[in-house]
Amino acid sequence: MPPTMLTANEPVTAVQSDTRAGKYLTFQLANEEFGIRVLKVREIMGLQEITAVPQTPAHIKGVINLRGKVVPVIDLRLKFGLLTAEYTQRTCIIVTQVQGEAGLVLMGIIVDGVSEVLNLTASEIEDTPDFGEEVAGQYLLGMAKVKGKVKILLDIDRVLSTQDLHNLSSIIR
C-alpha cells in the first residue's frame with residue numbers, strides 16, 4: 001500500500017481518522033458505550049476473586065492471578081468518576097495490554113458488560129469535542145457514530161495516568 005500524501009487542501013485530520021479506523025471491542029459503563037482497539041484486548045473473563053492491595057487508589061481494585069501472572073485490575077467506573085454500582089452477571093474483566101514505562105503491561109479493567117466487536121471506518125469516527133481544560137480528554141481517541149448512537153473510543157494506553165502506572169509497577173514487581 002503506497003504511503004498517503006497530503007496536499008495543501010486536504011485536512012490533516014483525515015490521516016488521523018484513518019489511523020483510528022479498525023476493530024473495536026465495545027462495552028458499557030453506566031449508560032454509556034465505550035470502545036477500545038481489539039488489538040489491545042488479550043482476554044475477556046467473568047468477575048473473579050481480586051486480591052486487594054493496601055494503600056492503592058480506590059479505582060485500583062487489586063490483582064488477579066492469570067495463569068501464573070499477577071495482573072492489576074482497575075474499576076473503570078471509579079477511574080472515570082462514575083457512581084459505583086453492584087457487580088452483576090454481566091460485569092466482567094477485560095484484560096488489556098498497555099504500554100508502560102518499562103514496556104508492555106497486562107492490566108484488567110472492570111466494566112459493566114461487553115457489547116460487541118465493531119469494524120469502524122474513518123467516516124464513522126469524529127474528533128473529540130473540546131470540553132475545556134478541566135475535562136481529562138487526553139485518553140479519548142474520538143467518538144464513533146454507529147446506528148444513530150455515539151460510542152466513546154478510548155486510548156487504553158493513556159487511560160492510566162503516569163502515577164497509576166508507577167503504582168501498578170510497584171504492585172507487580
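Each row is one residue, and each column tells you yes or no for (1) under 20 Å from Arg42 (Cα atoms); (2) modelled with pLDDT of 95 or more.
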{"site": "Lys79", "(1), (2)": "no, no"}
{"site": "Val98", "(1), (2)": "yes, no"}
{"site": "Ile110", "(1), (2)": "yes, yes"}
{"site": "Ala122", "(1), (2)": "no, no"}
{"site": "Pro129", "(1), (2)": "no, no"}
{"site": "Glu133", "(1), (2)": "no, no"}
Test: residue in the range 122-137 that is assigned to a strand (DSSP E or B) and in contact with a helix residue (DSSP H, G or I) (Cβ under 9 Å, 6 or more places away or on another chain): yes
Number of positions in the range 45-54 that are exposed (fewer than 14 other Cβ atoms within 10 Å of the Cβ) and aliphatic (A, V, I, L, M): 2
Pairs where the first residue, in the range 145-173, is part of a loop (DSSP other than H, G, I, E, B) and modelled with pLDDT of 85 or more and the second is aliphatic (A, V, I, L, M) and buried (at least 18 other Cβ atoms within 10 Å of the Cβ), C-beta under 6 Å, 6+ apart: Asp155/Leu141
Residue ranges of strands (runs of 3 or more DSSP E) in the range 24-109 with at least 1 members more than 13 Å from the chain's Cα centre (by Cα) and farther than 20 Å from Tyr139 by Cβ: 41-46, 60-66, 69-75, 92-100
Test for Ala8: is it in a helix (DSSP H, G or I) and either of a type outside the set (Phe, Trp, Tyr) or at pLDDT below 95 (or both): no
Leading residue by the ranking (nearest to Asn119 (Cα to Cα)) among those in the range 32-44 that are surrounded by fewer than 17 Cβ atoms within 10 Å (Cβ to Cβ) and either basic (Lys, Arg) or touching a Gly at 6+ places or on another chain (Cβ under 8 Å) (or both): Val38
Hits in the range 24-82 (condition: within 30 Å of Leu120 (Cα to Cα) and basic (Lys, Arg)): Arg37, Lys40, Arg42, Arg77, Lys79
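The values are calculated or read from the model by the stated rules, or taken from the named source; none is laboratory data. What you are looking at is a predicted structure, and each value in this text was computed from that prediction instead of being measured. When we count neighbours, we look across all protein chains shown, and the Cβ atoms used for this are built from the backbone with ideal geometry, even at glycine.
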